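Report on the structure given below.
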Protein chains: 2
Amino acid sequence: MKPEEDAFGQQFWAQYNGTESFEVMEREDGYIDVGDPKLYFSEYADWPPFEQKAMKFVKGRVLDIGCGAGRHSLFLQEKGFDVLGIDNSPLAVQICRLRGLKKAEVMTIDEVHFKPNSFDTILMMGNNFGLFANFKKAQRLLNRFYRMTSKDAVIIAGTRDVYRTESPAHLRYQEFNRRRDRMSGQIRMRLRFKEYSSKWFDYLMVSKEELKDILEGTGWRTKEFIDSDHSFYIAIMEKALK
Amino acid sequence: MKPEEDAFGQQFWAQYNGTESFEVMEREDGYIDVGDPKLYFSEYADWPPFEQKAMKFVKGRVLDIGCGAGRHSLFLQEKGFDVLGIDNSPLAVQICRLRGLKKAEVMTIDEVHFKPNSFDTILMMGNNFGLFANFKKAQRLLNRFYRMTSKDAVIIAGTRDVYRTESPAHLRYQEFNRRRDRMSGQIRMRLRFKEYSSKWFDYLMVSKEELKDILEGTGWRTKEFIDSDHSFYIAIMEKALK
């Protein structure tokens with residue numbers, strides 16, 4: 001990516017250097033939302049319980065997709081796991097390394113190609129199921145992840161049940177998506193931070209039923225859902241055919 | 001304004017109702033910044049010292065231009081001053097009334113027309129010198145304010161010395177402004193909150209020298225500057241010709 005597109009990385013970089021940071025998301029329909037930038041540097045003890053619980057499913061060699069500033073990767077590395085963190089943000093990866101992550105690479109989810117049996121866990125925390133972008137791409141990548149992983153492998157992915165909202169603006173946007181044959185929660189958005197703006201990208205949020213539809217035929221099935229006390233949840237997926 | 005343009009009011013309304021609020025500003029060059037929404041509901045004890053000091057210059061009948069959620073107006077009303085708060089945001093004015101402000105009206109700065117000797121203090125706190133928008137309009141409004149006020153009247157206005165920055169993005173934008181014959185700190189921006197977006201508007205920030213240039217010929221002169229420990233400052237202006 002061009003340096004001016006690394007809004008995510010710049011947001012982390014500011015925080016890493018102790019200067020003001022914030023997270024602003026712009027949806028294609030003009031809806032603006034903010035996130036909590038402190039989240040990305042938070043320690044295990046500060047994570048919400050449903051995220052902590054998800055860590056119990058981690059095993060063996062871990063691929064952390066969209067590792068951000070490395071909060072999960074660093075926690076797991078500390079616990080003795082063999083972790084590779086990848087992120088499409090060059091600055092995020094630099095920060096992971098500065099924070100002590102031994103294996104961190106700049107890589108988009110599309111560039112994820114590894115030999116069979118390379119990983120036992122694929123981690124997509126913090127809503128990173130979204131990186132699957134859309135139904136077809138999710139299926140294609142899930143098939144690829146199947147080949148890359150051991151027979152007892154798991155995928156641990158966080159997402160959000162978009163139907164659990166009463167916001168007229170969100171419901172309108174979901175309807176707009178369905179009318180043009182996109183999934184309700186296939187959100188086209190970009191991240192903005194000061195003079196930096198990411199490219200527009202699709203970020204996919206799904207209900208549990210939709211998640212199951214996506215898994216169909218990919219070799220993966222849901223093993224467990226970990227609910228939060230709001231619309232976020234984490235899906236633990238395992239191989240249906242071992 | 002159209003309801004969907006009242007981003008400021010919606011931001012206050014969310015906060016007034018105890019739901020998530022945030023302040024996102026978008027400059028015309030794509031620069032994104034956030035403010036602290038809690039500021040707008042803060043009590044005197046929580047204000048920065050330079051704002052507290054400015055209150056000592058308030059006298060008599062007060063016009064609070066861009067009163068927002070009413071923090072200054074309510075403080076002064078409590079102190080016994082006769083205060084009229086105006087804001088272009090209908091929701092902001094509604095909130096002021098709900099919070100107990102006796103005199104609050106929906107009015108833009110352009111609509112400010114009052115009989116001679118109507119006020120003793122014009123208050124433009126929290127960077128609201130910016131509402132003057134540009135050099136010419138500032139002079140036109142200052143002339144009008146002269147006629148509306150008593151002979152010992154003061155204007156208390158907060159602004160920001162835009163030259164006190166090292167941000168390349170800000171310096172580039174200032175240069176861009178000068179090239180097209182705008183003042184360096186004549187910022188074209190809009191406010192965005194969830195599905196709400198204000199219209200684009202000019203917000204003027206000036207150095208002390210620039211402020212003095214603007215006052216030239218308006219009948220006003222600077223009486224005192226109250227500095228903060230950063231680029232913000234408050235100008236106390238009085239009538240040069242009484």
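In the range A:10-33, which residues are touching a residue at least 60 places away in the same chain (Cβ under 8 Å), among the acidic types (Asp, Glu) and surrounded by fewer than 20 Cβ atoms within 10 Å (Cβ to Cβ)?
The answer is A:28, A:29.
Could you list, in sequence order, all residues of the range A:75-101 that are over 27 Å from residue A:4 (Cα atoms) and open to solvent by 10 Å² or more (accessible area, probe 1.4 Å)?
A:75, A:77, A:78, A:79, A:80, A:81, A:82 - these are the residues of the range A:75-101 that are over 27 Å from residue A:4 (Cα atoms) and open to solvent by 10 Å² or more (accessible area, probe 1.4 Å).
Kindly indicate which of A:36, A:46 is within 14 Å of chain B (Cβ to nearest Cβ) and open to solvent by 20 Å² or more (accessible area, probe 1.4 Å).
Testing whether each residue is within 14 Å of chain B (Cβ to nearest Cβ) and open to solvent by 20 Å² or more (accessible area, probe 1.4 Å) leaves just A:36.
For a quick check of your reading of the model, give me the residue pairs whose first member lies in the range B:193-206 and is within 13 Å of chain A (Cβ to nearest Cβ), whose second is crowded, with 23+ Cβ neighbours inside 10 Å and of a type in the set (Val, Ile, Thr), with beta-carbon atoms closer than 7 Å and at least 6 apart or on different chains.
From residues that are within 13 Å of chain A (Cβ to nearest Cβ), the pairs are B:193/B:24.
Determine, yes or no, whether residue A:98 is under 26 Å from residue A:188 (Cβ atoms), of a type outside the set (Gly, Ala, Ser) and touching a residue at least 60 places away in the same chain (Cβ under 8 Å).
In short, no.
For the range A:1-46, which positions are modelled with pLDDT of 95 or more and β-branched (Val, Ile, Thr)?
Across the range A:1-46, the qualifying residues are A:24, A:32, A:34.
Considering only residues that are in contact with an Asp or Glu (Cβ under 7 Å, 6 or more places away or on another chain) and touching a residue at least 60 places away in the same chain (Cβ under 8 Å), look in the range A:63-92 and name the one that is nearest to residue A:151 (Cα to Cα).
A:66
Tell me, please, whether a residue that is in a loop (DSSP other than H, G, I, E, B) and either under 20 Å from residue A:54 (Cα atoms) or of a type outside the set (A, V, I, L, M, F, W, C) (or both) can be found in the range A:136-156.
The answer is no, given that none of the residues of the range A:136-156 is in a loop (DSSP other than H, G, I, E, B) and either under 20 Å from residue A:54 (Cα atoms) or of a type outside the set (A, V, I, L, M, F, W, C) (or both).
Going by the conditions given, is residue B:14 within 14 Å of chain A (Cβ to nearest Cβ) and in contact with a Phe, Trp or Tyr (Cβ under 6 Å, 6 or more places away or on another chain)?
So residue B:14 does not fit the description; no.
Checking the conditions here, which among A:93, A:24 is in contact with a strand residue (DSSP E or B) (Cβ under 6 Å, 6 or more places away or on another chain), within 14 Å of chain B (Cβ to nearest Cβ) and over 21 Å from residue A:235 (Cβ atoms)?
Just a single option satisfies the conditions, and that option is A:24.
The values are calculated or read from the model by the stated rules, or taken from the named source; none is laboratory data. These numbers were taken from a predicted model, which means no experiment stands behind them. Here Cβ is always computed from backbone atoms with ideal geometry, including for glycine, and neighbour counts include all displayed protein chains. Heads up: the accessible areas ignore ligands, DNA and RNA and are worked out on the full protein's heavy atoms, side chains in. Shrake-Rupley method; radii C 1.70, N 1.55, O 1.52, S 1.80 Å.
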